[in-house]
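> Submitted below is the structure of interest, expressed as structure tokens.
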Amino acid sequence: MKRSKKKQFHEFMSGKGLKSTRQRDVVLDCFLASDRHMSTEELYMKVRAKNPTIGYATVYRTLKLFAESGIAREIHFGDGQTRYEHVAEGEHHDHLVCTRCGSVQEFENETIERLQQEIADQFGFQVETHKLELYGICAKCRQ
């Protein structure tokens with residue numbers, strides 16, 4: 001998957017007439033190596049550990065390009081911080097967000113997906129996309 005995401009991003013860049021730079025590739029590698037919902041700041045810290053010459057603005061602009069290219073999705077959990085997650089073709093998941101520590105857990109549940117479709121069908125509604133976020137206190141914070 002990592003290789004196909006790299007290819008997708010490079011093809012997007014080429015199609016837009018933008019250069020593939022070494023700095024963007026470092027940002028891309030750090031992003032693809034993570035399995036977390038990354039804020040710009042979090043990714044910047046990872047990138048700086050690999051290459052201290054890469055600036056915050058480069059990371060910020062590159063994340064925007066990731067979203068535009070379709071390899072990442074911007075997500076907002078109501079805390080004023082934009083995070084980015086990987087986009088996998090045909091995959092859908094929802095989120096559990098801890099209001100104390102800010103941790104985010106992904107989950108999939110076929111029953112919830114089926115019920116959402118049933119409700120949409122009852123109202124003659126065609127769902128194009130949706131997101132489900134549940135906010136509360138994670139097991140770690142509850143201890």
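The values are calculated or read from the model by the stated rules, or taken from the named source; none is laboratory data. All figures in this text were calculated on a predicted structure; none of them were measured in a lab. Backbone-built Cβ (ideal geometry, glycine too); neighbour counts: all protein chains shown.
> Is there a residue being touching a Phe, Trp or Tyr at 6+ places or on another chain (Cβ under 9 Å) and among the basic types (Lys, Arg) anywhere in the range 27-47?
Yes, the conditions are met somewhere in the range 27-47.
> So Glu42 fits all but one of (1) surrounded by 15 or more Cβ atoms within 10 Å (Cβ to Cβ); (2) within 12 Å of the chain's Cα centre (by Cα); (3) over 24 Å from Leu18 (Cα atoms); what number is the exception?
All conditions pass for Glu42, except number (2).
> Let me ask something additional. From the residues in the range 99-142 that are of a type in the set (S, T, N, Q) and either surrounded by 11 or more Cβ atoms within 10 Å (Cβ to Cβ) or in the same structural domain as Glu42 (by TED's automatic domain parsing) (or both), which one is nearest to the chain's Cα centre (by Cα)? Steps first, answer last, please.
Our first condition is that a residue be of a type in the set (S, T, N, Q); within the range 99-142, this holds for 99, 103, 105, 109, 111, 116-117, 122, 126, 129.
With either surrounded by 11 or more Cβ atoms within 10 Å (Cβ to Cβ) or in the same structural domain as Glu42 (by TED's automatic domain parsing) (or both) added as a condition, the list becomes 99, 103, 105, 109, 116-117.
On the way: Thr99: 19, Ser103: 14, Gln105: 13, Asn109: 19, Gln116: 23, Gln117: 24 Å.
Only one residue fits best here, namely Gln105.
Residue-wise test of (1) of a type in the set (Lys, Arg); (2) under 18 Å from the mean Cα position of the chain (by Cα); (3) closer than 30 Å to His130 by Cβ.
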| site | (1), (2), (3) |
| --- | --- |
| Lys5 | yes, yes, yes |
| Val27 | no, yes, yes |
| Val47 | no, yes, no |
| Ile54 | no, no, no |
| Ala57 | no, no, no |
| Tyr60 | no, yes, yes |
| Leu63 | no, yes, yes |
| Glu68 | no, yes, yes |
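> State the number of residues belonging to the range 111-137 that are in a helix (DSSP H, G or I), among the charged types (D, E, K, R) and either closer than 22 Å to His76 by Cβ or modelled with pLDDT under 90 (or both).
The first filter runs over the range 111-137 and keeps only residues in a helix (DSSP H, G or I), leaving 111-122.
Checking which are among the charged types (D, E, K, R) leaves us with 113-114, 118, 121.
Keeping just the survivors that are either closer than 22 Å to His76 by Cβ or modelled with pLDDT under 90 (or both) gives 113.
Residues flagged as in a helix (DSSP H, G or I), among the charged types (D, E, K, R) and either closer than 22 Å to His76 by Cβ or modelled with pLDDT under 90 (or both) within the range 111-137 amount to 1.
> Same structure again: Gly15 is checked against (1) out of contact with any Leu (no Cβ under 6 Å at 6 or more places or on another chain); (2) surrounded by 18 or more Cβ atoms within 10 Å (Cβ to Cβ) and fails just one. What number does that condition carry?
(2)
> Need the failing condition index for Arg61 against (1) farther than 19 Å from Arg3 by Cβ; (2) in contact with a helix residue (DSSP H, G or I) (Cβ under 8 Å, 6 or more places away or on another chain), just the number.
So Arg61 meets the others, but not (2).
> Can we say Ile75 is outside the structural domain of Glu128 (by TED's automatic domain parsing), of a type in the set (Val, Ile, Thr), surrounded by 11 or more Cβ atoms within 10 Å (Cβ to Cβ) and modelled with pLDDT under 90? If you could, list the steps in order and put the result at the bottom.
Details: outside the structural domain of Glu128 (by TED's automatic domain parsing): yes; of a type in the set (Val, Ile, Thr): yes; surrounded by 11 or more Cβ atoms within 10 Å (Cβ to Cβ): yes; modelled with pLDDT under 90: yes.
Against the criterion (outside the structural domain of Glu128 (by TED's automatic domain parsing), of a type in the set (Val, Ile, Thr), surrounded by 11 or more Cβ atoms within 10 Å (Cβ to Cβ) and modelled with pLDDT under 90), Ile75 qualifies.
> With (1) among the small types (Gly, Ala, Ser); (2) under 29 Å from Thr111 (Cα atoms); (3) touching a helix residue (DSSP H, G or I) at 6+ places or on another chain (Cβ under 7 Å) as the list, and Ala88 as the residue in question, which single condition is left unmet?
Only one criterion in (1) among the small types (Gly, Ala, Ser); (2) under 29 Å from Thr111 (Cα atoms); (3) touching a helix residue (DSSP H, G or I) at 6+ places or on another chain (Cβ under 7 Å) is unmet by Ala88, namely (3).
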